[in-house]
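As structure tokens, the structure follows; a few thoughts come after it.
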Amino acid sequence: MGSALHLEGRHGGIMLPWRSILLVAVAAAAYLVLGAAPEGWVYDRSAISQGEWWRLVTGHWVHSDLAHAGWDITALLVLGTLFEVRLQWWVPIALLIGTLGVDVWLWWGDPTLYYYCGLSGILNCLLIIGLLQLWLDIRHPLVVLTGIGAAVKILVEINSGQALLTQTAWSSVPMVHAVGFLCGLLYILRILMVGSSVFDSSAPNSS
Amino acid sequence: MNRQTGIKSIWQGLVLVIAVLFSGLSPAAGLLTPSDGSLPALEIRDHHVVVVIEDGYAITTVEQVFINPHDRDLEAQYSFPVPDHSSVVELTVWIDGKPVTGEVLEREQARQLYEEEKAAGRDAGITEKDSYKTFETRVSPVRARQDTRVRLVYLQPAQVDTGIGRYVYPLEEGGVDEAKLAFWTANEQVTGQFSFELRLKSAYPVEAVRLPNQPQAVIESLPGGEWQVHLGNRVTASGSMPSQEIQEGLQTGTQALPGTNTPVFTLDQDLVVYWRHQAGLPGSVDLVAHKPAGSERGTFMMVVTPGDDLKPIQEGKDWVFVLDVSGSMQGKYATLADGIQRAMQKMRLGDRFRIVLFNSNARELTSGFEDATPETVTHYSQILAGITPGDSTNLYDGLHMGIQSLVADRTSALVLVTDGVANVGETRQRRFLELIKQKDVRLFTFVLGNSANRPLLEVLAKASGGFAVNISNSDDIVGQLLAATSRVTHEALHGVKIKINGIKTADLTPGQIGSLYRGQQLVVFGHYWGEGMANVRVSGQISGEDKTYQTNFAFPSVATDNPEIERLWAYARVEEAQQEINNFGEDADLKQAITDLGVEYGLVTDYTAMVVVRNEVFDAHGIKRSNKARLAIEDVARQQRNQRPAVSRRVDSQQPMYTSSRPSHSGGGSLDVWTLLLFLPLVWLTIHRRITGVAR
């Protein structure tokens, strides 16, 4: 797959991952301005059933406390920096795919979870799609090892029922990580079935 | 989808079933007038409700003004549904412009006194309890072309389930007492001011407060752990004029009176308030006590909020759905059938189900247990859709058939959905109890509306080790049922016992605790003597294995903040005694015990009533003003509590009873340092390739 994504910009300078920086700014601002778990923004099953559908999106961009926000936003920054030069518009698109998948799971897969917030579920989708792009570009074994490591970590979390080292105000839901991860895998399957030019042909403004 | 998810899905489908059961309108709380038109109707001019929830219980004060627009004196009769586990503790009638509080007497004595005063044309009032259905307040006379002011106060425990508290101000009448409905017409319109104020004070952080179906409610978070809710048709809590929308009468339950700009509030919908505690709070033990200085004996309310250590259930179950298709379900049935169809579609292969329907008789819709295949689901959906509901409610027959259908070697659960009262066939509570004990099955009961026989259904569920869920029409029904879901899909602590050593205690209520499901709190009332450290153990069995939780804390030598605890303890005892009577028939000793508790603690029960007469009449009859004195003490304590922020009642901070945090319905996707460590090789790779100039 030749995505024509280079680290350098058109004129040879360093290309800033501006889309990711913008998304990081949005998530950080949401926490700084709205505070922890803002009532009108979190995923709230009852409110969504009463028409407050925006929570399906906004719930992923707000956090329950500083540690929750800190880890998730840092991970978004790292992943964005690593992958945006290759994925470009596929960064937000991957996050949207993850949003769709995690929401589907929250709604139908775990009806006892009334409230949810946090980026990590959809970040796992970005991680897998980013790893695929990286693998297709450089075919380095570290990429595969990272994917395997992420999968093992998720399995350990699911088994223990909590995040390994983080204690957040809202208890951890490891299944959302698995769902985000699977969303990425499903998308990869689609790419493999359609052909490796998917990123090139679909991504807008792939320079 | 695994089995556990399958079970969850069944419940999710049931949500749909029950959500549609509430489509019909029911009669409401209000002033009653004979339906034959023999007496003209009075009006409710003002209706003000103030609710204070603090320290684990709710105090509801309802102040009303009745108007008599006619040319002759009339009696006002106000009826409202009995709120959960509550008793009226104050009836105040304004006589000659001054408030006179009532006293509790044995019921017949109170009635006689009221009737004498009424016949003599003197001011009087009485509040009685019509079993589990309604509180009835009569005031006489409401003089011609004048108004009468009346205040009612009731107390009830305020529990939190899986991190979510719930308060219901019940207004809807369930519509199952046909004789009463035929006799009376209820005027449920408030022509003047209506307001509903709720103040919630909690030392445990509350993240949000919500009133489903009341989007116009004004909800404020105040400093000191306090939340305030206002709903009204005139002015806001702060005294300012309401928003334009409210002035225009756009709020639920209001309409404009013809020819006026006054919004009318109709008392036909329950008001439900939820509050959500911060997720991740620790499992805890809270103690609220009352022990006046110099008193040997104190009264306590202990609230145990378990940590989340009940694991999800992995094994499958047989499900038997026992569904009420009596006449009261008419108009709801089509959607009920649709909901059942959706529920069955959510079942996974390998799960089995039976459907039992009951009205005057019970019949099984299925032919034994059916595997949940697409074919069987389609088949029974079509049959369900063709059934027409009607006739009476033979609950016993329905339960009997459901229980008899169970298979011994499979884990089974029986789900009963009903909105009514057993009115044909076997109706004795004792027989129901015997029936439910015939098989080892958990009964989960969904009790719809305010007039269903909640005491019976709660006793049955408790006896089976299951639970009953009361659901209001105004509830977030989906949320309520999903809360039940989380309980059913997890292990439970069965055979719960509580032991308090190191200090003398007695009169613990409930005597038999039963089971504790995930998210449920254990509330125990009792008396204690002396003061000092006590060891408290809560024990039971989880999946057949013994489990004990314990902590040590001190009972206070003096505690005067919460005198209402005495009444709450007394009413819990009354409920237990009443349950015994319901189970085994009326017993003179139990009846006397209820009467004595009612009179001593000022509680309206099945055997006591609260009567208001002129002060001189109280004196003339030698009636002690013990309730008046009790109310004065409670009023002082209430004012002191009002002036300070929420106080923590947690007593196990030093030695927590639970190591895990409370279960909640909140969750967050959170990454951690391991995730970032995983990215390090990629970072190294990227930097390395840039430094070495490797393309891409």
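Values as computed for the structure displayed
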{"read-out": "Computed Kirkwood radius, in angstrom, where 1/r is averaged over Cα pairs of the range B:59-166", "value": "15.0 Å"}
{"read-out": "Surface accessible to a 1.4 Å probe, A:F181 within the full protein complex, Å²", "value": "30 Å²"}
{"read-out": "Förster radius 41 Å - calculated FRET efficiency between B:D71 and B:E375, Cβ distance, rounded to 0.05", "value": "0.05"}
{"read-out": "Accessible heavy-atom area order of B:W569, B:W94, A:W135, highest first, probe of 1.4 Å", "value": "A:W135, B:W94, B:W569"}
{"read-out": "Where the range B:438-582 is the region considered: accessible area per residue in Å², 1.4 Å probe", "value": "33 Å²"}
{"read-out": "The range B:59-183, accessible area per residue, ligands and nucleic acids excluded (1.4 Å, Å²)", "value": "35 Å²"}
{"read-out": "Hull shadow area, averaged, the range B:576-696 [alpha-carbon convex hull, nm²]", "value": "19.2 nm²"}
{"read-out": "Among the listed pairs B:K311/B:K547; B:K129/B:K591; B:K133/B:K624, those beyond 18 Å (Cα-Cα)", "value": "B:K133/B:K624"}
{"read-out": "Average beta-carbon neighbours from other chains, 10 Å sphere, peptide B:657-667", "value": "5"}
{"read-out": "A:V85 - accessible surface, heavy atoms, 1.4 Å probe, Å² rounded to 10", "value": "10 Å²"}
{"read-out": "Largest to smallest accessible area among B:L680, B:L448 [probe 1.4 Å]", "value": "B:L680, B:L448"}
{"read-out": "Total accessible surface hidden between A and B, rounded to 100 Å², 1.4 Å probe", "value": "4500 Å²"}
{"read-out": "Interchain or long-range residues, amide H under 5 Å from B:D73's placed H", "value": "B:A144"}
{"read-out": "A:R19, B:R537, B:R625, reordered so the largest accessible area comes first (probe 1.4 Å)", "value": "B:R537, B:R625, A:R19"}
{"read-out": "Gain upon complete extension [B:E600, B:I691; 0.36 nm per residue less C-alpha separation]", "value": "24.0 nm"}
{"read-out": "Extension gain (nm, one decimal) between B:D409 and B:L222, 0.36 nm per residue minus Cα-Cα", "value": "61.8 nm"}
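The values are calculated or read from the model by the stated rules, or taken from the named source; none is laboratory data. All values derive from a computational prediction rather than experimental measurement. Counting neighbours? That spans all protein chains shown, and the Cβs are built from the backbone with ideal geometry, glycine included. Note: areas computed on protein heavy atoms with side chains; ligands, DNA, RNA excluded. Shrake-Rupley method; radii C 1.70, N 1.55, O 1.52, S 1.80 Å.
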